[in-house]
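For reference, the structure discussed in these notes is given below.
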Amino acid sequence: MSVVSGSPRVVYAAAVERLAASVVCALGSADGVFRLRDQLPGSEGMAGLAALRILGPDALAPFVLSGHRFSAEDAEMVAASLRVFPMAAPGAQIASQLEGGVPVRALRDWATGQVLTRLGARGFARPYPREAGVGRDRGWLRWAVVLAQLSPLASPGVDSPVHAQVRRYPQEVARGVTWAMLRRDYLTAVRLVRWLLAENEPVEDPWFPLEPVMRHVELVAEPNARLLLELAVARRSREGSVS
């Protein structure tokens, strides 16, 4: 596996792309073994651990959705990433965490803990961020932007007040999908589709056809690992988890 050199931004971005591509491959098949350590070569150092933190719950999707065994070694890799890049402190009001008044980073960290707990890992659970709103009060457009950033929460077995709002107002999420498709912002569109396909109460045809949206994105979008990952998780979430 080649290692990219250059500025930290370039190195970290390349590490995220590699990990996302590995997750996509693992989601496509339950054959073989998916281990986080194999996806984060030691030569990458902090970049690999940063990639694991950036993908958050989505880095764990092969264990939840494709039946790969989650081991103590995998849990230790996650723990190492948290030691280097700690979770957001409960109640912290950091400007860079907020989008439309919603603590995006804290919510993604909470979801990571939820998924790890479901996989049987102890010590990762954390309280739901008490300061977390759902963002809908800012209007459907800003809410769609926030939901797209929170797409890792739209994973099987995760539920929260954000999910409850999506179940209550699916038409507004669908409006966001249409807006993103018209702008050719395919990554945002697929991230919102994930919310409409969330396991807890999926929104399906005929009132808003999700499968044609995903097929269109697959046909016309410039392929990249992050987009392919969102598509793969959306499709596997529709089929249901196996963990």
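The values are calculated or read from the model by the stated rules, or taken from the named source; none is laboratory data. Not measured: the values here are computed from a predicted model. Note that each Cβ is placed from the backbone with ideal geometry, even for glycine, and that neighbours are counted across all protein chains shown.
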Exercise for review: Look at Leu187 and say whether it is modelled with pLDDT of 95 or more and in contact with a strand residue (DSSP E or B) (Cβ under 8 Å, 6 or more places away or on another chain).
Suggested key: no
Practice item. Please note which helices (runs of 4 or more DSSP H) are completely contained in segment 124-203 and include at least 1 residues that are crowded, with 21+ Cβ neighbours inside 10 Å and touching a Pro at 6+ places or on another chain (Cβ under 9 Å). Key: 186-196
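Is it the case that Arg236 is at pLDDT 95 or above, crowded, with 17+ Cβ neighbours inside 10 Å, among the charged types (D, E, K, R) and part of a helix (DSSP H, G or I)? Reasoning before the result, please.
Details: at pLDDT 95 or above: no; crowded, with 17+ Cβ neighbours inside 10 Å: yes; among the charged types (D, E, K, R): yes; part of a helix (DSSP H, G or I): yes.
In short, no.
Does Arg226 satisfy being surrounded by fewer than 21 Cβ atoms within 10 Å (Cβ to Cβ), assigned to a helix (DSSP H, G or I), at pLDDT below 90 and within 19 Å of the chain's Cα centre (by Cα)? Give the steps one after another, and end with the answer.
Working: surrounded by fewer than 21 Cβ atoms within 10 Å (Cβ to Cβ): yes; assigned to a helix (DSSP H, G or I): yes; at pLDDT below 90: no; within 19 Å of the chain's Cα centre (by Cα): yes.
The answer is no for Arg226.
When segment 64-82 is examined, which residues are found to be assigned to a loop (DSSP other than H, G, I, E, B) and surrounded by 18 or more Cβ atoms within 10 Å (Cβ to Cβ)?
Taking segment 64-82 and keeping what is assigned to a loop (DSSP other than H, G, I, E, B), we get 66-71.
Answer for segment 64-82, where residues must be assigned to a loop (DSSP other than H, G, I, E, B) and surrounded by 18 or more Cβ atoms within 10 Å (Cβ to Cβ): Ser66, His68, Phe70.
Among the residues of segment 41-52, are any of a type in the set (D, E, K, R) and under 20 Å from Phe124 (Cα atoms)?
From segment 41-52, those of a type in the set (D, E, K, R) are 44; that's our starting set.
Then drop every residue that is not under 20 Å from Phe124 (Cα atoms), which leaves none.
Checking segment 41-52: not a single residue is of a type in the set (D, E, K, R) and under 20 Å from Phe124 (Cα atoms).
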Check your understanding: Quick check: is even one residue across segment 29-52 in contact (Cβ under 8 Å) with a residue 60 or more places away in the chain and in a helix (DSSP H, G or I)?
Key -> no
